[in-house]
1. Counting just the residues of the range 300-324 that are aromatic (Phe, Trp, Tyr) and crowded, with 24+ Cβ neighbours inside 10 Å, which one comes out nearest to the chain's Cα centre (by Cα)?
2. Read through the list (1) modelled with pLDDT of 95 or more; (2) over 25 Å from GLY271 (Cα atoms); (3) under 21 Å from the mean Cα position of the chain (by Cα); (4) assigned to a loop (DSSP other than H, G, I, E, B), then give the number of the only condition that CYS525 fails.
3. Out of the residues in the range 452-473 meeting the condition of being in contact (Cβ under 8 Å) with a residue 60 or more places away in the chain and either out of contact with any strand residue (DSSP E or B) (no Cβ under 8 Å at 6 or more places or on another chain) or of a type in the set (A, V, I, L, M) (or both), tell me which one is farthest from GLU354 (Cα to Cα).
4. For the range 211-219, state whether one or more residues are farther than 26 Å from ALA454 by Cβ and of a type in the set (A, V, I, L, M).
5. Restricting attention to the range 396-428, report how many residues are of a type in the set (S, T, N, Q) and closer than 22 Å to ALA541 by Cβ.
6. Inside the range 356-416, counting only strands (runs of 3 or more DSSP E) that do not spill past its ends, which hold 2 or more residues that are more than 25 Å from the chain's Cα centre (by Cα)?
7. Determine which member of the set ALA605, ALA611 is in the same structural domain as VAL518 (by TED's automatic domain parsing), among the small types (Gly, Ala, Ser), without any contact (Cβ under 8 Å) to a residue 12 or more places away in the chain and over 28 Å from GLU359 (Cα atoms).
8. Of SER451, SER425, which residue is polar (S, T, N, Q) and either more than 30 Å from PRO261 (Cα to Cα) or assigned by TED's automatic domain parsing to the domain that holds MET61 (or both)?
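The values are calculated or read from the model by the stated rules, or taken from the named source; none is laboratory data. Just so it is clear, the structure is predicted and the values come from calculations on it, not from any experiment. Because the Cβ atoms are built from the backbone with ideal geometry, glycine has one as well, and the counts that use them run over all protein chains shown.
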Amino acid sequence: MAATTPTTPASAHVTTARIATAAVNVSTSTTTKWFKPKHVSNMDCNGWSTKYRALVPGHRMLCVDPHGARSGGYWAPGRTASKPYWHRFTDNGHYVGHDEPSVKFISTAPGSGNTMTYFMRLPIDPRRPATNTGSVVRYAQLSPAPWFGLPLCDNFSYPQNPCLPHSDANSGSISDPNAAGSAFMELQFYPPGFTPFADNVSCSQTQWCAALTIDSLESQFNFAHLNPACTEPVNFAFLQRNGIPAGPPSPQLANARTYMPNRHTLLLHPGDLLKVAITDPLTGPNAGFTATVWDLTTHRKGWMTASAQNGFMHTNYLNCAGTPYTFHAEYLTASPQNQVPWAALAGGVLMTQEMGHSEVCAALANRQPVRQPGVITDNQVYSTCLGGTEGPGRTSGEGPCSARGICTHPMTQGTTTSIACPSRSAASGQLCEFADGSCMPQGVRRVLLGSHWAREYSPVNFCQDNAYQNGDLDFDGLDYRPTAWPNGSPNVPTSISYAGPFTTGRQPYPQVQFETDVAGSEFLCNIYNGNLCTAPPLSAAFYPFWTLTRRAGYGLGSLFPRGACAWNFGNYIRGVTTNALGRDAQYGTPDLARYGGTLISAIRANPELGAGCAPIVNPLP
């Protein structure tokens, strides 16, 4: 339903008083069209809204990880003065942290903060079927979404200040109340094999797809007046071969079609070589932040522009109403300080693997159907993993949880293995694994998608750890085992490969930082002094890392000269990996000056340009 209310001009400073008088009643008759949120919508990506039901609650694993509010200070041992610090973030009592090992690319070249090109080769899964013991693994079990990230302007996002597109005059400082209003863009790629996308991780049994997602945070500086009804609204749209969203992308109006690939959705084969372009024309008929993927193997192209014309909206933080909005990249350059001020990751130009959502099981227990009328009804969904990654005992998994969120056998991180959670309440804010769900049983099951029944499939008994918490918070799943990630074995996928990004001048970015926000999800991590904040997490057997290869046939083929280095991710591959980049040491130390739940390295020269790597430029400008 549309209504009208005045909007705050982009050039004006947004204050509580101004929005309260201008936009608190979305039915006020004035100049700008606003849209009330539907009861079932994308008003909170994390799915814990106090007012709106989440359209796809299982997709909280694809949201952005915020840091929490700032306190005045604490007394550290040996210090004579208090030191301010930032807490972990909770959404209506629920911790919503992520595990996102990343490479941040740094450049002071004009345009490097808004226009760039990557090349990537998609991994190939093993020929053998995946197993419920984890002896054979598919890529969708390792990462539900490899993604590229970038800060975008959104003057109606935290901290509710104006934002000038393509400008380094914007402050992204975590400590600056005058920082620009920022949204976080993630261009996400979804591996095949585990359908349907509405409550699982795949668009197709055999092909990849991709989507443009944009998350905002609805509060003022330091999370003042954070709206519990629309904490983290998300715009979502698949990349389409005709550029037209499959369904309404906005947080307010998204529906079942938004999350159902159609005949125009770009589908990609495992092993395909892709060119990924991020552009952002400020004017003209195609103005708006745009992500384009060319499949250089099949010669197909898909794209999406985050424009008002395509139905994208930003959100009024006082009443959750949306107004059509064309998003633009925030910064001119990819300088180190150019980031999203509310995000846990020190995110600028990012290359990331989403992980921490994979357990396989000998059997499943405690049925907990997914029922979202008009979107999906999936009766064969369970809460608890038995055996498999949970261990040989058939009663060792977490869950179920009652309607009040009181859970059975919740566990969390110990120093060497899992330990009992101090609370049984999923809304306690504790960093605990309250349930293994959502868990999909191995084989074919009937699922109602919209108004039609479909036959969907899971290769294994597969749990995503996303129903009552976001992630595998006792670190016992496949993602934390050395035998699951690409290591040269035919029983695991080949590594995903990347080259770039490249600037508008066709040059690679000269510097990088490695980072991960996994420490924020570690029960034993003291984010205020960095104690026990580690990668791998304590009790995890392994943590994957970024590597380089210059071996012929393992990178990006004939696009680049012989000896050019390509990025890989996972484990060391004998005969392939030519630089392990320090393995887990690459992630550095807790970033206590910013947010201790994030580990980050010092700025270093881009190793893709280092010794032993042939010089590269963008071969297809």
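1. Going through the range 300-324, the residues aromatic (Phe, Trp, Tyr) turn out to be 303, 312, 317.
Now narrow it down to the ones that are crowded, with 24+ Cβ neighbours inside 10 Å: 312, 317.
Details: PHE312: 19, TYR317: 22 Å.
If we take residues in the range 300-324 being aromatic (Phe, Trp, Tyr) and crowded, with 24+ Cβ neighbours inside 10 Å, then PHE312 is nearest to the chain's Cα centre (by Cα).
2. Just one mismatch for CYS525, condition (3).
3. Quick first cut of the range 452-473, residues in contact (Cβ under 8 Å) with a residue 60 or more places away in the chain only: 454, 456-473.
Checking the rest, the ones that are also either out of contact with any strand residue (DSSP E or B) (no Cβ under 8 Å at 6 or more places or on another chain) or of a type in the set (A, V, I, L, M) (or both) come to 454, 459-460, 466-467, 473.
On the way: ALA454: 28, PRO459: 20, VAL460: 20, ASN466: 13, ALA467: 17, LEU473: 14 Å.
Restricting to residues being in contact (Cβ under 8 Å) with a residue 60 or more places away in the chain and either out of contact with any strand residue (DSSP E or B) (no Cβ under 8 Å at 6 or more places or on another chain) or of a type in the set (A, V, I, L, M) (or both), the top hit is ALA454.
4. Quick first cut of the range 211-219, residues farther than 26 Å from ALA454 by Cβ only: 214-219.
Filter once more, so that each one left must be of a type in the set (A, V, I, L, M): 214, 217.
Yes, some residue in the range 211-219 is farther than 26 Å from ALA454 by Cβ and of a type in the set (A, V, I, L, M).
5. Within the range 396-428, residues that are of a type in the set (S, T, N, Q) and closer than 22 Å to ALA541 by Cβ number 7.
6. On the way: elements: 363-367, 370-372, 376-378, 382-386, 411-413.
Result: 363-367.
7. Working: ALA605 fails: without any contact (Cβ under 8 Å) to a residue 12 or more places away in the chain.
Of ALA605, ALA611, the one residue that is in the same structural domain as VAL518 (by TED's automatic domain parsing), among the small types (Gly, Ala, Ser), without any contact (Cβ under 8 Å) to a residue 12 or more places away in the chain and over 28 Å from GLU359 (Cα atoms) is ALA611.
8. On the way: SER451 fails: either more than 30 Å from PRO261 (Cα to Cα) or assigned by TED's automatic domain parsing to the domain that holds MET61 (or both).
Only one candidate passes the filter, namely SER425.
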